[in-house]
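Have a look at the structure below, then the notes.
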Amino acid sequence: MSTEEHRQHVIPTSIYVGIWAVLMVLTGVTVFASFIELGDWNIVLALTIASIKATLVVLFFMHLYYSSKLTKVTMIAAVFFLFLLLALSMTDYLTRGWLTNPGR
Amino acid sequence: MATSDIEIAEHSLQHHFADMDQQKDASTFGMWLFLVTEIMFFGGLFCAYLVYRATYYQAFVAGSQTMNIWLGATNTAVLICSSLSMALGVRCAQIGKTKMMVVLLLITIVFGFGFLGIKGVEYHEHWINHQFPGPNFQFEGAEAGGVNPQNVQIYFSLYWAMTGLHALHMIIGIGLVTWIVIAGARGAYSPDYYSPVENVGLYWHFVDLVWIYLFPLLYLISKKHGG
């Protein structure tokens, strides 16, 4: 039967609480930043903060940092395919206005 | 205690796995694969959001300005707290503190209901203001801003669909955590066998993750310009 050395890595409570504190601060920062007029950079900043938060949740709350390479590759592939879905769809929708007079 | 741990483990090992480690790796990897399909599931809605936001940006700004940013931010904080109690609960399962795990998961459930309660207040507010897509949809002041209410309706369709699907995941999540609490209280888990706790934890964090993106995309589009 499994013994101690087979068991999954146990992350110290302090790391979980630390990640939680960073997530709470970043939530405050993203709300604060939304009240500052930055033009197109508002959405860039908001999504950057969201992505930092998501990365922290995935790496530590979901233990991906301590998981097997197979799990890591699977998660990276998922993000890549989501990017493909969004990016290739937008190559269509964002470029429809480029040819205003098709045939000329 | 050690003897009963081994007994739990032997009863839990399915015959097609070599040992508990292999079984745990397979089950956790299976959960990750499921979450990958969930990413693509929500991805379709995020893609629709992106397309219509790019097309009707001013309408999306007008729609997002009806959101209560403080309730949204509070709900984000509630979910992050629920993720912490869930993560600590899984940790307790890892080290065999089952009673503490049950307590932490009960706290997670309370946060989950807290989130749904706040969401319900917001839904009620939108409902009585006719901000639900359909024949009764109304958007006051839209003409003043030069925004077509039909386009604002697209924003609200996506708002209800995305937050509604997320809320459905929360309800399922609360059900799953309740199941873990009951099984855990009956002594189903030990440091050698806690895969269900780990996997429900992964699901809960994933639902938190979706909200981390929904909040800025739906609530924080623009507070100043447009409208």
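The values are calculated or read from the model by the stated rules, or taken from the named source; none is laboratory data. For clarity, every value in this text was computed on a predicted model and none was experimentally measured. Cβ coordinates were reconstructed from backbone atoms using ideal geometry, including for glycine residues, and neighbour counts include every protein chain displayed.
Within region B:21-33, does at least one residue satisfy the condition of being closer than 26 Å to A:THR95 by Cα and either modelled with pLDDT of 95 or more or within 9 Å of chain A (Cβ to nearest Cβ) (or both)? The answer is no; no qualifying residue exists. Inside region A:29-62, residues that are touching a helix residue (DSSP H, G or I) at 6+ places or on another chain (Cβ under 8 Å) and either closer than 23 Å to B:LEU88 by Cα or charged (D, E, K, R) (or both) make up a count of 11.
The set of residues in region B:177-209 being more than 9 Å from every other protein chain (Cβ to nearest Cβ), aliphatic (A, V, I, L, M) and part of a helix (DSSP H, G or I) consists of B:VAL177, B:ILE180, B:VAL181, B:ILE182, B:ALA183, B:ALA185, B:VAL197, B:VAL200, B:VAL207.
Here is a yes/no grid of residues against (1) part of a helix (DSSP H, G or I); (2) farther than 30 Å from A:THR91 by Cβ; (3) in contact with a Phe, Trp or Tyr (Cβ under 8 Å, 6 or more places away or on another chain):
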position	(1), (2), (3)
B:TYR49	yes, no, no
B:THR74	yes, yes, no
B:SER82	yes, yes, yes
B:VAL90	yes, yes, yes
B:LEU106	yes, yes, no
B:ILE109	yes, yes, no
B:GLN138	no, yes, no
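Taking the condition aliphatic (A, V, I, L, M), facing another protein chain (nearest Cβ under 9 Å) and either assigned to a helix (DSSP H, G or I) or in contact with a His (Cβ under 9 Å, 6 or more places away or on another chain) (or both), does A:ALA87 pass? Against the criterion (aliphatic (A, V, I, L, M), facing another protein chain (nearest Cβ under 9 Å) and either assigned to a helix (DSSP H, G or I) or in contact with a His (Cβ under 9 Å, 6 or more places away or on another chain) (or both)), A:ALA87 does not qualify. Does any residue of region B:56-76 turn out to be touching a helix residue (DSSP H, G or I) at 6+ places or on another chain (Cβ under 7 Å), crowded, with 18+ Cβ neighbours inside 10 Å, more than 9 Å from chain A (Cβ to nearest Cβ) and modelled with pLDDT of 95 or more? Scanning region B:56-76 turns up at least one residue that is touching a helix residue (DSSP H, G or I) at 6+ places or on another chain (Cβ under 7 Å), crowded, with 18+ Cβ neighbours inside 10 Å, more than 9 Å from chain A (Cβ to nearest Cβ) and modelled with pLDDT of 95 or more.
Restricting to region B:116-163, name every residue that is of a type in the set (A, V, I, L, M, F, W, C) and either in contact (Cβ under 8 Å) with a residue 60 or more places away in the chain or in contact with a strand residue (DSSP E or B) (Cβ under 8 Å, 6 or more places away or on another chain) (or both). Once the filter is applied, which keeps residues that are of a type in the set (A, V, I, L, M, F, W, C) and either in contact (Cβ under 8 Å) with a residue 60 or more places away in the chain or in contact with a strand residue (DSSP E or B) (Cβ under 8 Å, 6 or more places away or on another chain) (or both), region B:116-163 yields B:PHE139, B:ALA142, B:VAL147, B:VAL152, B:ILE154, B:PHE156, B:LEU158, B:ALA161, B:MET162.
Scanning region A:6-20 for residues that are at positive phi and at the interface with chain B (Cβ under 9 Å from one of its Cβ atoms) turns up nothing. Of the candidates A:VAL25, A:VAL58, the single residue that is modelled with pLDDT of 95 or more, facing chain B (nearest Cβ under 8 Å) and part of a helix (DSSP H, G or I) is A:VAL58. Residues in region A:61-78 that are at the interface with chain B (Cβ under 7 Å from one of its Cβ atoms), in a helix (DSSP H, G or I) and not polar (S, T, N, Q): A:PHE61, A:LEU70, A:MET75, A:ALA78.
Here A:ILE36 fulfils each of the conditions (1) more than 7 Å from chain B (Cβ to nearest Cβ); (2) surrounded by 11 or more Cβ atoms within 10 Å (Cβ to Cβ); (3) modelled with pLDDT of 90 or more; (4) more than 30 Å from B:TRP204 (Cβ to Cβ) apart from (3).
Could you count how many residues in region B:92-136 are in contact with a His (Cβ under 8 Å, 6 or more places away or on another chain) and buried (at least 16 other Cβ atoms within 10 Å of the Cβ)? Show your work before the answer.
Restricting attention to region B:92-136, the residues satisfying the condition of being in contact with a His (Cβ under 8 Å, 6 or more places away or on another chain) are B:132, B:136.
So of that shortlist, the ones also buried (at least 16 other Cβ atoms within 10 Å of the Cβ) come out as B:132.
Residues in region B:92-136 being in contact with a His (Cβ under 8 Å, 6 or more places away or on another chain) and buried (at least 16 other Cβ atoms within 10 Å of the Cβ): 1 in total.
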